[in-house]
Amino acid sequence: MMETADVMKLFLKYRDDAVVLSGRGGRHWVPITDNEKLDATMGDPAMGGHASYALGIALAQPRKKVVLFDSDGDIHMSMGMLATIAEQAPTNFYHFMLDNEIYATTGGQPVPNAKVVDYSAIATACGYPKAHSYSELSDLEVGMPEILAKEGPVFIHLKVAPTIENTPIGQRKPWNNRDRVKVVQDVRGELVGI
């Protein structure tokens, strides 16, 4: 099992100029990013919302690599997005899923059937042409260059250790150093020069 922070540090080595939607891994990504203006860090929107947002960017910017760090909880809240992404088939879309087996941002409730669900198989069944699964950082490190060299959409399931946030949502210290308006302005400015 991997630590989310270690996954993010590893990915940073291969980021290049990709647009990154750090999703539930945002609190680990924001402090280490090397290009904040290409980070579409929207904080914690409604569970399941990251994938549709990432798909929209990938479709609007087909020449730009788009990397999403989704979560098992998000996937459970919007599993239909896997079929939608597969149908749209953006070749620039890389869908990493952080699987910690819990709803970490709402107190650590278990994700239904967490130890049994085969997310890579689900992604493949939904039409993703390529899907991978990793539970060890060393294996991911070996596979990362090949994953990012492939045309998307690619689904990458990552088994990560749970970290539970029990502070009430309204009392949490924000990890995102930009508000949503600034995030959109920065990303738009980098992608289309506005």
Worksheet item: Does the range 109-121 contain at least one residue that is of a type outside the set (Asp, Glu) and modelled with pLDDT of 95 or more?
Response: yes
Worksheet entry | Answer from 87, 141, 101 - the residue that is of a type in the set (Asp, Glu) and closer than 18 Å to residue 14 by Cα | 141
Fill in: Those helices (runs of 4 or more DSSP H) lying entirely in the range 35-117 with at least 2 residues among the acidic types (Asp, Glu) and buried (at least 16 other Cβ atoms within 10 Å of the Cβ)
72-77
Discussion item. Quick check on the range 59-68. Is at least one of its residues closer than 19 Å to residue 160 by Cα and among the basic types (Lys, Arg)?
Written reply: no
Item to complete: Answer yes or no as to whether residue 123 is crowded, with 17+ Cβ neighbours inside 10 Å, in contact (Cβ under 8 Å) with a residue 40 or more places away in the chain and under 26 Å from residue 80 (Cβ atoms).
Response: yes
Worksheet entry | Where residue 104 falls short, out of the listed (1) of a type in the set (Gly, Ala, Ser); (2) out of contact with any Pro (no Cβ under 8 Å at 6 or more places or on another chain); (3) within 17 Å of residue 2 (Cβ to Cβ) | (2)
Worksheet item: How many residues are under 10 Å from the mean Cα position of the chain (by Cα) and more than 24 Å from residue 106 (Cβ to Cβ) when one looks only at the range 49-65?
Response: 0
Worksheet item: Is the range 154-165 home to any residue that is out of contact with any helix residue (DSSP H, G or I) (no Cβ under 9 Å at 6 or more places or on another chain) and free of Cβ contacts under 8 Å to residues at least 12 places away in the same chain?
Response: no
Item to complete: Working only within the range 47-82, note down all residues that are among the small types (Gly, Ala, Ser) and under 21 Å from residue 24 (Cα atoms).
Response: 48, 49, 51, 52, 54, 56, 58, 71, 73, 78, 80
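The values are calculated or read from the model by the stated rules, or taken from the named source; none is laboratory data. What you are looking at is a predicted structure, and each value in this text was computed from that prediction instead of being measured. Cβ coordinates were reconstructed from backbone atoms using ideal geometry, including for glycine residues, and neighbour counts include every protein chain displayed.
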